[in-house]
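What follows is a single structure, written as structure tokens, with notes after it.
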Amino acid sequence: MYRRRLGVLFLVMVFFFGISFGIAAQEKQGGEQELEDMAVPMGIIVLEPDASITPKKAPVEFHHSKHFIYDCKTCHHKWEGNTHVVGCSASDCHDVLQSPKKPTKYLSYTETGIKYYKYAFHQMCVGCHKELKDNRKKLEMSLTVVKDQLPKTGPTGCIECHPKAEG
Ligand code: HEC
Ligand code: HEC
Ligand code: HEC
């Protein structure tokens, strides 16, 4: 399902360039102008709501580079490869701080529903981990693989991502 091709390349780059590495790309309109080196956060990014929100749950420690087995665009789905990556809550993206009254229609989020940052994160993060767990379960049932060859999956339980209750 997910594209792994880029992931391998990036892991190699990460190995050679360490903490941050540059992505040389041409800017679309600028033509000649090279995009400045983009600093890609390695290791853990702490994800928490906007400062104006009193969080109900502890911040999430998201290991960015462990996820580089996937194409960057799996998550940075608006990124076109020739611009800087913008954060998830950039303006007009997932920048809504409260759930709208009717966030879903026919069991999926509406265009405004998914702008609520919490739904965006849960759909993306928990959604992928759930799918991986389902696939893993199928593998287990098929009995064709040995237990320690089973692929790693990410957490789906609240406490695994939000470790301790806040306040
Ligand atoms: C599994 C999802 C996922 C994948 C895959 C992923 N990222 Fe990210 N990345 C994130 C999240 C989440 C953040 C934090 C965004 C925020 O704070 O709003 C982030 C942040 C960033 C930032 C900092 C953005 C800012 O706010 O300044 C850059 C740059 C970045 N990623 C580049 C990459 C590159 C390059 C790749 C591919 C090698 C990649 N990411 C793969 C989820 C991902
Ligand atoms: C496209 C699939 C995918 C997406 C999207 C994704 N993950 Fe994961 N996640 C994985 C896989 C695969 C692993 C196991 C990787 C490993 O342990 O090396 C993992 C592991 C993790 C772990 C445990 C890693 C550790 O430190 O040992 C956490 C925590 C996690 N993910 C959080 C998140 C969060 C938060 C997001 C959303 C910003 C997210 N993931 C999005 C696939 C995904
Ligand atoms: C794969 C990781 C992951 C899992 C599992 C997960 N969340 Fe989250 N959750 C996030 C991320 C990332 C955010 C956005 C960053 C933040 O606000 O902490 C978030 C945001 C939230 C928020 C809004 C911010 C706040 O603290 O008020 C709540 C509430 C929340 N989650 C509750 C839950 C509950 C309840 C569960 C279990 C049913 C759960 N989460 C499972 C990753 C996860």
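Quick check: is even one residue across the stretch 75-93 away from ligand 1 (no atom under 12 Å from the Cβ), closer than 21 Å to residue 50 by Cβ and touching a Lys or Arg at 6+ places or on another chain (Cβ under 7 Å)? No, the conditions are met nowhere in the stretch 75-93.
Screening the stretch 101-131 for residues that are open to solvent by less than 40 Å² (accessible area, probe 1.4 Å) and more than 16 Å from ligand 2 (Cβ to nearest atom) and picking the one that is nearest to residue 61 (Cα to Cα) gives 113.
Restricting attention to the stretch 62-76, the residues that are under 18 Å from residue 117 (Cβ atoms) and open to solvent by less than 40 Å² (accessible area, probe 1.4 Å) total 1.
Give the stretch 132-164 a look and list any residue that's within 12 Å of ligand 3 (Cβ to nearest atom) and surrounded by 10 or more Cβ atoms within 10 Å (Cβ to Cβ), or say none. Steps first, answer last, please.
To start, the set of residues in the stretch 132-164 that are within 12 Å of ligand 3 (Cβ to nearest atom) comprises 132-133, 153-164.
If the condition is that a residue be within 12 Å of ligand 3 (Cβ to nearest atom) and surrounded by 10 or more Cβ atoms within 10 Å (Cβ to Cβ), then 132, 133, 153, 154, 155, 156, 158, 159, 160, 161, 162, 163 are the ones that fit.
Quickly run through the stretch 36-61 and pick out the residues that are open to solvent by 50 Å² or more (accessible area, probe 1.4 Å) and within 6 Å of ligand 1 (Cβ to nearest atom).
Once the filter is applied, which keeps residues that are open to solvent by 50 Å² or more (accessible area, probe 1.4 Å) and within 6 Å of ligand 1 (Cβ to nearest atom), the stretch 36-61 yields only 41.
The values are calculated or read from the model by the stated rules, or taken from the named source; none is laboratory data. Since the structure is predicted, the reported quantities are computational estimates derived from the model, not experimental observations. Cβ sites come from the backbone with ideal geometry, for glycine too, and all protein chains shown count toward neighbours. Protein only, heavy atoms only, side chains kept; ligands, DNA and RNA dropped before computing areas. Shrake-Rupley method; radii C 1.70, N 1.55, O 1.52, S 1.80 Å.
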